[in-house]
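The values are calculated or read from the model by the stated rules, or taken from the named source; none is laboratory data. Just so it is clear, the structure is predicted and the values come from calculations on it, not from any experiment. Every residue, glycine among them, receives a Cβ derived from its backbone with ideal geometry; neighbour counts consider all protein chains shown. Accessible surface is based on the protein model in full, side chains and every heavy atom, while ligands, DNA and RNA are left aside. Shrake-Rupley method; radii C 1.70, N 1.55, O 1.52, S 1.80 Å.
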Amino acid sequence: MSESVIGETPSWGTECIRELRETLLSEESPFPCTFAVSGIKRNTLRFAFVDDLDDERAWEPLPGILSAYLRDFRRLGRETSLVVFFRPEAAPRRLPEYEERFWAVLRHLHERDPEPWPAGVPTDTDDPWWEFSYGGTPIFVVCNTPAHRMRRSRHSPGFFITFQPRWVFEGLGADTPPGAAARRTIRKRLSRFDAVPPSPALGSYGDPDNREWRQYFLPDGPRAHGVAERCPFHHTGAEAVVAGQATGFDSTSRLTPKTVGDS
């Protein structure tokens, strides 16, 4: 397990990984995201741990953890993600509280980003080509919480965030045969796995009607997005000047997100 973990493994960490593995590898209830299932089988998922969801001093290792993952993710292949677990709590919170914490974590990372925002990625979250970025790399992000009950694909005994570089989606756009096939498979599995229909927020990156941020934290019911009506994330600092070549990101590619808990 040590090679799969970035940083220290706390006493509670092994159980978090065990529970996720059990969910992803279940044969009785196949997990919707085939990419996540393949990643756990191939040992290309990476894990990290944060000791407190409220104390931002406990978040200080996060920028280094994400930077370490981004330096190595291409070597792992396309079926890779970084899953960051936060120490499980005795009692679950309400969904809006988890949503607030999720966006706080992304702001924390953004404010400590050592690299400029990628030139190929808009800074306006209302732009269909916007994506959260860190270290010059566009990243699709997903949050799982104990408060997600009906949307089981976003449920977890503890709060965790999955970071998936957009590079892994190259060649899997909705208008490509592999992308269309994967989308059909995942949506079919979602319909069986969740107690609610697939969220209307799920869409294709770059589609004029799609907003990536709404897919990051899904509601537990049929609404199109979470509690926030507008994206709580705001870009800070000057406009990006880093070249897209450094990230391997092509802003003209229309790619369909597929990740842990997504469709």
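Looking only at segment 207-227, residues that are under 28 Å from Glu115 (Cα atoms), assigned to a loop (DSSP other than H, G, I, E, B) and either at pLDDT below 85 or in contact with a Cys (Cβ under 8 Å, 6 or more places away or on another chain) (or both) come to 2 in all.
Go through segment 125-145 and give me each residue that's in contact with a helix residue (DSSP H, G or I) (Cβ under 8 Å, 6 or more places away or on another chain) and open to solvent by 10 Å² or more (accessible area, probe 1.4 Å). If you could, list the steps in order and put the result at the bottom.
As a first pass, look at segment 125-145 and keep what is in contact with a helix residue (DSSP H, G or I) (Cβ under 8 Å, 6 or more places away or on another chain): 125, 130-132, 134-145.
Selection gives Thr125, Gly135, Thr137.
Selection of helices (runs of 4 or more DSSP H) fully inside segment 1-90 by the criterion of at least 1 residues being open to solvent by 60 Å² or more (accessible area, probe 1.4 Å) and within 19 Å of Phe132 (Cβ to Cβ) returns 61-76. When we screen Pro122, Pro96, Pro92 for residues that are over 16 Å from Cys231 (Cβ atoms) and not small (Gly, Ala, Ser), the only hit is Pro92.
Glu79 falls short on exactly one of the conditions (1) at pLDDT below 95; (2) more than 15 Å from the chain's Cα centre (by Cα), and that condition is (2). Going residue by residue through segment 109-124, is there one that turns out to be open to solvent by less than 50 Å² (accessible area, probe 1.4 Å), charged (D, E, K, R) and either assigned to a loop (DSSP other than H, G, I, E, B) or under 28 Å from Pro197 (Cα atoms) (or both)? Checked against the condition, which is being open to solvent by less than 50 Å² (accessible area, probe 1.4 Å), charged (D, E, K, R) and either assigned to a loop (DSSP other than H, G, I, E, B) or under 28 Å from Pro197 (Cα atoms) (or both), segment 109-124 yields at least one hit.
Here Arg230 does not fit the description of being at pLDDT 85 or above, under 18 Å from the mean Cα position of the chain (by Cα) and farther than 16 Å from Cys33 by Cβ. Across segment 130-139, the number of residues qualifying as in contact with a Ser or Thr (Cβ under 6 Å, 6 or more places away or on another chain) and of a type outside the set (Val, Ile, Thr) comes to 2. If you go through segment 154-185 and keep only what is modelled with pLDDT of 95 or more and either among the aromatic types (Phe, Trp, Tyr) or not in a strand (DSSP E or B) (or both), you end up with Arg154, Ser156, Pro157, Gly158, Phe159, Phe160, Phe163.
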